[in-house]
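Down below is the structure, laid out as structure tokens.
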Amino acid sequence: MSAMLPSGASLYDRVQRVIPPIEWPTFLDDIEAILVLKRQRNAVVLAHNYQTPEIFHCVADIVGDSLALARKAMAVEAEVIVLAGVHFMAETAKLLNPEKTVLIPDLKAGCSLADSITAADVRLLRQRYPGVPVVTYVNTSVEVKAESDICCTSGNAKAVVESLGVSQVIMLPDEFLAQNIAAQTDVEIIAWKGHCEVHERFTPADIRQLREDHPGVTVLAHPECPPEVVAEADFSGSTAAMSDYVGSQKPPRVVLMTECSMSDNVAVEHPDVEFIRPCNLCPHMKRITLANIRSALEQNRHEVRIEPEIAGRARLAVERMLDV
Ligand code: 13P
Ligand code: SF4
């Protein structure tokens, strides 16, 4: 390994609060190989906030929520992008970087929201609600984006809906995100019945129990949680907004009603905050490992390819979002 690269020991200093010493040696060989491969292949790793700490803190070059990953993907200069996240995120990176090689380490890293709706469903919705614009959450396939007027993420959904200057929009596929945004705007929102299999499992009773067991705890909930969960939380926002909240408000005790790795990744930056850890795992995010990031770079797999006609239409919907 080149002397310019961080050593395993210095990386461990960063993650020692969230990775037990006994586990660290099992990661080291892959981490060092990935650091070398990234240089050899002129590659960067983009990692979502739900990636495990050994990926997020030790091999990722760019981290963030879906919106940040999309924005930062546009500025990537490397030739190869490895997307440590789920398939729709890799598709978005490819849409914004059509000339670059975009790799997803496991093709089965899907999303229950993306699976909840097809392009044909969107065409039917347009027939049922003629003239009503379609706002599509980025957690969808590229084919669904191609049928949409504009995309949104959990970080900009309200701004996107209100940017259209209309009284009614179709917002798909996450019913709870649509309901949570509807509570913040005068725009009427027609929702689809998709749900995130991770966030739909949180309940208001969970929050009440947490407040009883951990007095003074601050509760942050992702807007993919049911509205009655968001209503009982102290704050709701995208994964980046939750992380920023912890950084700016420094609550002494906090619980993040979201995917499990979020707390680990945010805790690394905030040793003075106590993180209470009920959480739900996203099985799709957890398909990405150091081992398959390494083989993605070694074997150039799995390359994301999008049919040009679909890519053109889907890119427009993503670019319109990025202009808001
Ligand atoms: P964020 O855009 O808030 O990071 O959310 C992405 C996601 O998949 C949440 O489940
Ligand atoms: Fe999809 Fe939910 Fe997993 Fe996010 S956490 S990738 S919305 S299944």
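Keeping to the range 103-124, report how many residues are more than 15 Å from ligand 2 (Cβ to nearest atom), open to solvent by 30 Å² or more (accessible area, probe 1.4 Å) and closer than 22 Å to Cys282 by Cα.
1
Filter the range 300-312 down to residues that are surrounded by 15 or more Cβ atoms within 10 Å (Cβ to Cβ) and in a helix (DSSP H, G or I), then give me how many there are.
2
Please identify the pairs in which a residue from the range 11-30 that is within 21 Å of Glu269 (Cα to Cα) has its Cβ atom under 7 Å from the Cβ atom of a residue that is part of a helix (DSSP H, G or I) and among the acidic types (Asp, Glu), counting only partners at least 6 apart or on another chain.
Taking only residues 6 or more apart or on different chains, the pairs are Val15/Glu54; Val18/Asp264; Ile19/Glu54; Phe27/Glu54.
Do we have any residue at all in the range 113-125 that's within 12 Å of ligand 1 (Cβ to nearest atom), within 30 Å of Ala43 (Cα to Cα) and in contact (Cβ under 8 Å) with a residue 24 or more places away in the chain?
yes
Quick test of your reading of the structure: Pro278 fulfils all but one of (1) within 16 Å of ligand 2 (Cβ to nearest atom); (2) under 24 Å from Leu83 (Cα atoms); (3) assigned to a loop (DSSP other than H, G, I, E, B); (4) not acidic (Asp, Glu). Name the failing condition by number.
(2)
Do we find a residue being surrounded by fewer than 18 Cβ atoms within 10 Å (Cβ to Cβ), at pLDDT 95 or above and in contact with a helix residue (DSSP H, G or I) (Cβ under 6 Å, 6 or more places away or on another chain) anywhere in the range 165-180?
Looking through the range 165-180, at least one residue is surrounded by fewer than 18 Cβ atoms within 10 Å (Cβ to Cβ), at pLDDT 95 or above and in contact with a helix residue (DSSP H, G or I) (Cβ under 6 Å, 6 or more places away or on another chain).
So which residues in the range 263-295 are in contact with a Ser or Thr (Cβ under 6 Å, 6 or more places away or on another chain) and buried (at least 22 other Cβ atoms within 10 Å of the Cβ), if there are any at all?
Listed by number, the list holds a single entry, Val266.
Pairs under 9 Å by beta carbon, first residue over 11 Å from Cys279 (Cβ atoms) in the range 197-211, partner open to solvent by 60 Å² or more (accessible area, probe 1.4 Å) and within 10 Å of ligand 2 (Cβ to nearest atom), six or more apart or different chains?
So the pair list comes out as Glu197/Pro283.
Does Gly131 qualify as being more than 21 Å from Leu322 (Cβ to Cβ) and away from ligand 2 (no atom under 16 Å from the Cβ)?
Yes: the conditions hold for Gly131.
May I ask you to say which residue of Asn49, Asn42 is open to solvent by 30 Å² or more (accessible area, probe 1.4 Å), in contact with a strand residue (DSSP E or B) (Cβ under 9 Å, 6 or more places away or on another chain) and modelled with pLDDT of 95 or more?
So the residue among Asn49, Asn42 that is open to solvent by 30 Å² or more (accessible area, probe 1.4 Å), in contact with a strand residue (DSSP E or B) (Cβ under 9 Å, 6 or more places away or on another chain) and modelled with pLDDT of 95 or more is Asn42.
To keep it simple, each residue is scored yes or no on (1) touching a residue at least 60 places away in the same chain (Cβ under 8 Å); (2) in contact with a Lys or Arg (Cβ under 9 Å, 6 or more places away or on another chain); (3) aromatic (Phe, Trp, Tyr).
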| site | (1), (2), (3) |
| --- | --- |
| Pro53 | yes, yes, no |
| Asp61 | no, yes, no |
| Arg71 | yes, no, no |
| Glu79 | no, yes, no |
| Val82 | yes, yes, no |
| Met89 | no, no, no |
| Thr92 | yes, yes, no |
| Asp106 | yes, yes, no |
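Pick out, from the range 191-251, the helices (runs of 4 or more DSSP H) lying fully within it that include 2 or more residues that are surrounded by fewer than 19 Cβ atoms within 10 Å (Cβ to Cβ) and within 12 Å of ligand 1 (Cβ to nearest atom).
Helices (runs of 4 or more DSSP H) meeting the threshold: 239-249.
Is it true that some residue in the range 270-279 is under 27 Å from Tyr137 (Cα atoms) and at pLDDT 95 or above?
Within the range 270-279, not a single residue is under 27 Å from Tyr137 (Cα atoms) and at pLDDT 95 or above.
In the range 70-87, what count of residues is obtained for those that are open to solvent by less than 10 Å² (accessible area, probe 1.4 Å) and either within 16 Å of ligand 1 (Cβ to nearest atom) or on the phi > 0 side of the Ramachandran plot (or both)?
Counting residues in the range 70-87 that are open to solvent by less than 10 Å² (accessible area, probe 1.4 Å) and either within 16 Å of ligand 1 (Cβ to nearest atom) or on the phi > 0 side of the Ramachandran plot (or both) gives 6.
The values are calculated or read from the model by the stated rules, or taken from the named source; none is laboratory data. On a predicted model such as this, the values are computed, not experimentally measured, just so you know. No Cβ is skipped: glycine too gets one built from the backbone with ideal geometry, and neighbour counts run over all protein chains shown. SASA here: full protein model, heavy atoms, side chains in, ligands and nucleic acids out. Shrake-Rupley method; radii C 1.70, N 1.55, O 1.52, S 1.80 Å.
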